Amino acid sequence: MKKIIFILCVCLVFLLIVWLVGYMHNVQAEKVTGGYIASTRDTDVEIVDIDDLEDLAEQVIPSGGFGYIYGGAETEFTMARNESAFDCVDIVPRVLTGVVEPDITTSILGIDISLPVIAAPAAAHGLAHVSAEAGSARGVAASGTIMSVSTYSSSTLQEIADAGQGAPQWFQLYLSKDKDHNRNIVKQAEDLGYRAIILTVDAPVGGNRFRDKYNDFKFPLELPNVAKKSIKTKGQGINKIFSAAQNELTPYDIMYVKSLTKLPVIVKGIQHPDDAETAILAGADAIWVSNHGGRQLDGAPASFEVLSDVAKRVNKRVPIIFDSGIRRGQHVFKALASGADVVAIGRPVIYGLALGGWRGVVSVFNYLKDDLRRVMILAGTENIDDIKNTKLRPRISCVNSCE
């Protein structure tokens, strides 16, 4: 009997210690973020349908932060269209091909990756999880692919590089009106081993994001790569932070960034073939087709709807990265068959981070690996080149419609 009482006492002490550690962690988090409590989860995430992550993440991420991560511009018509546009083409199944173990590995700008999906740059992962971009970087590295890091990340470039432990990372740059800041941050990224600079050109001004206005959303944490003594980011809305960015962008800015670094310069936010041509003539080493996840101009076409036209104009002169709306293997397949070399995901990475920390990020990429392999088997494609040579079938119901 005494032994049982002793064991119970030990268990109670242990549970009390665990509770105190958690309590002190939350108290510290409240001091740092003014009461905003991000997730601390550290677990694998079982995914049946990747769309489920959105609802699950909403239960974990505080409402203002979730609205910022999830939300698009205005009525979010273009954001929704990013996903529905994939439904306007079909993958014709192929049989008797003998394909059972397709190879999903590929490469981009000389970097070998485990699947044709990378992490898109997205701001403030710290809204979702206490490990922030450092946690995402660890998960992306463990998944064998590329982490793209936003200027507006909530971890420092050093912290993210350390978490990646030498895995490939790209740095996304919003040009600042401060030329010294541009020069210094590009050099810092280069010195830390980042492999490319992503120049985002589709955000000379912030999109009209109704959700942030309804929520009166202000960042509850600093964005250390842009925060200075004279420019505070904590307690500011995204439009206030955008005001420090250079809003008059021309082809000369591509040349300017090229002059700052020996790294490849990727131009992100291209949605028109003429703009792709302009970027290439200005020195772009890759084109990134994106409408910013529907967060900029509502009423614009889905990214997928413009991909083929851009790819035709690029004509394989430089690689093409694609994002906006990728949620499953068939989307990856359709984008590659329409001219992309790799695709990128943003929100699913953050949702996975919120639900499981770095392990949750790995779960998201594992889901896409399995789903893409399944689609490839059913489509009779053995490798990524086979996908690129696949002809998709336009869906008749989508022709001349606004579906």
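The values are calculated or read from the model by the stated rules, or taken from the named source; none is laboratory data. A quick note: this is a predicted structure, and the numbers were derived from the prediction, not measured. Cβ: placed from backbone, ideal geometry, glycine included. Neighbour counts: every protein chain shown.
Scanning region 58-106 for residues that are surrounded by 18 or more Cβ atoms within 10 Å (Cβ to Cβ) and among the small types (Gly, Ala, Ser) yields Gly64, Gly65, Gly67, Gly71, Gly72, Ala73, Ala85.
Run down Lys228, Lys177 and say which single residue is modelled with pLDDT under 95 and touching a His at 6+ places or on another chain (Cβ under 9 Å).
Lys228
Candidates Thr250, Thr261, Thr278, Thr233: the one that is without any contact (Cβ under 8 Å) to a residue 12 or more places away in the chain and hydroxyl-bearing (Ser, Thr, Tyr) is Thr250. Of the helices (runs of 4 or more DSSP H) lying entirely inside region 129-245, those containing at least 2 residues that are touching a strand residue (DSSP E or B) at 6+ places or on another chain (Cβ under 9 Å) span 132-142, 157-164, 179-191.
Taken together, Pro121, Pro102 contain a single residue that is over 30 Å from Tyr36 (Cα atoms) and not aliphatic (A, V, I, L, M), which is Pro102. Screening region 257-299 for residues that are surrounded by fewer than 19 Cβ atoms within 10 Å (Cβ to Cβ) and among the hydroxyl-bearing types (Ser, Thr, Tyr) and picking the one that is nearest to the chain's Cα centre (by Cα) gives Thr261. Restricting attention to region 307-344, report how many residues are surrounded by fewer than 24 Cβ atoms within 10 Å (Cβ to Cβ) and of a type in the set (Val, Ile, Thr). Result for region 307-344: 2.
For region 313-403, the helices (runs of 4 or more DSSP H) that sit wholly inside it and include 3 or more residues that are in the same structural domain as Ser136 (by TED's automatic domain parsing) and farther than 22 Å from Asp285 by Cβ are 329-337, 347-379. On the given criteria, is Ala161 small (Gly, Ala, Ser), more than 21 Å from Ser243 (Cα to Cα), crowded, with 24+ Cβ neighbours inside 10 Å and under 13 Å from the mean Cα position of the chain (by Cα)? Spelling it out, it is not the case that Ala161 is small (Gly, Ala, Ser), more than 21 Å from Ser243 (Cα to Cα), crowded, with 24+ Cβ neighbours inside 10 Å and under 13 Å from the mean Cα position of the chain (by Cα).
Within region 187-195, can one find any residue that is modelled with pLDDT under 95, farther than 26 Å from Ala302 by Cα and not aliphatic (A, V, I, L, M)? No, region 187-195 has no match at all.
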